[in-house]
Structures are given as structure tokens and as C-alpha cells.
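The values are calculated or read from the model by the stated rules, or taken from the named source; none is laboratory data. It should be emphasised that the depicted structure is a prediction, and the values quoted were computed from it without experimental measurement. Counting neighbours? That spans all protein chains shown, and the Cβs are built from the backbone with ideal geometry, glycine included. Side chains included, ligands, DNA and RNA excluded: accessible areas come from the protein's heavy atoms. Shrake-Rupley method; radii C 1.70, N 1.55, O 1.52, S 1.80 Å.
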Amino acid sequence: DYTQNNFALELLPIGTSMNRVKFSWKMEGLDADWNQPSFLNLASYPNLPSGDFELKIRMFDTSLSQVIDERSLTIHVTPPFWETWWFRSITIAVILTLISYFFRTYFNHLKQKHAKDKILFFTDIAHDIRTSLTLVNAPIEELGKASELSRESRYYLSLAAEQSEKLLLV
């Protein structure tokens, strides 16, 4: 586990006496070179990062001229869940979903605002047209009350009044 990342290994020679051998080790992935052979028989690695490592151990005779035995040990430190591929995939999926949701919400808001602006525009235009028609209709009615108009003028005036009323009702 990533919380259990301190590693210590006591090295004991089997079949030979302790004072006649020296140990040397190298952790593949961490150590560049083998450590100097010594009578120290404790290999210790604190705070190992997550990943796979191979600890190689050599046992030398006291003259250091001959390797008596060599062994290796594979060590796996599991990464924390937030460093795993599945957690990163879920995180990316959640972030993309949230971004998509916010964009969709924002575009819907823009559409609604645009629709409201259109309605307001047409309402304002209709109001302006009705106001103008009301202002035109009043003089037409006053002209219709005049007695000195010819029959043709009265016909055209009644036609204008009729059309003006029709537009006001729409």
C-alpha cells in the first residue's frame, strides 16, 4: 500500500558464518549503482514512491573477490487511488460532463434572452404603430365632421378612417 512505503530487509547468510561475508545491494529504479560491500546486513529504503522495484542482493566473501550468491526480490508499492488511471478517467469524465452542462445551460439562457428581446421588440413596434395610428385617426375623424367636403373626398376620407380603425383593432 502507498502508506506502507518504508522497506527494510535484514540479510542473513545461510550456510556460512556472519563474519566471513559482506553484502551489497541495489534497488533497480532507485539506485544508480551497487552500494559498497560491507558487513552491514540491513537494507533500508524509507518513503518508496509507488511503482515496481527489484532489489538485487549480492553476498561476497571477505576478500570481495568472489560473489558467493546473488538474489533478487520484486517489490510493488501500490499508488494511492488518486494516482490511478481509473480515478483520472472518472475525474476527466466528471469535468467534461460539468463543462457540457454549463455550456448547455448558458446557451439555453442566451436563447431565452433572445426570445424575450424579440417579443419586447415587437411589442414596442406594435405600440409605436398603434400610437401613430391613433394620432392619424383623430384628424381623419375631425375632417369627416366638416360639411364642405365633396362626395369623392368624403368617400376617400371614410376609406382612410375605416382602414385606420381596422389597423387599430389588429
Members of the stretch 83-126 that are open to solvent by less than 90 Å² (accessible area, probe 1.4 Å) and within 30 Å of Leu167 (Cβ to Cβ)
Ala115, Asp117, Thr123, Asp124, Ile125, Ala126
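Pick from Leu143, Leu149, Leu168: which is open to solvent by less than 100 Å² (accessible area, probe 1.4 Å), outside any helix (DSSP H, G or I) and more than 30 Å from Asp1 (Cβ to Cβ)?
That would be Leu149, the only listed residue that is open to solvent by less than 100 Å² (accessible area, probe 1.4 Å), outside any helix (DSSP H, G or I) and more than 30 Å from Asp1 (Cβ to Cβ).
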Members of the stretch 1-16 found to be assigned to a loop (DSSP other than H, G, I, E, B), open to solvent by 40 Å² or more (accessible area, probe 1.4 Å) and closer than 19 Å to Glu70 by Cβ, listed by number:
Leu12, Ile14, Gly15, Thr16
From Leu48, Leu73, Leu64, which residue is in a loop (DSSP other than H, G, I, E, B), in contact with a strand residue (DSSP E or B) (Cβ under 6 Å, 6 or more places away or on another chain) and farther than 30 Å from Tyr156 by Cβ?
Leu48
Residues located in the stretch 28-57, provided they are farther than 18 Å from Ile68 by Cα, open to solvent by 70 Å² or more (accessible area, probe 1.4 Å) and without any contact (Cβ under 8 Å) to a residue 24 or more places away in the chain:
Leu30, Ala32, Asp33
Assess whether His76 counts as being surrounded by fewer than 11 Cβ atoms within 10 Å (Cβ to Cβ), farther than 30 Å from Arg20 by Cα and touching a residue at least 24 places away in the same chain (Cβ under 8 Å).
yes
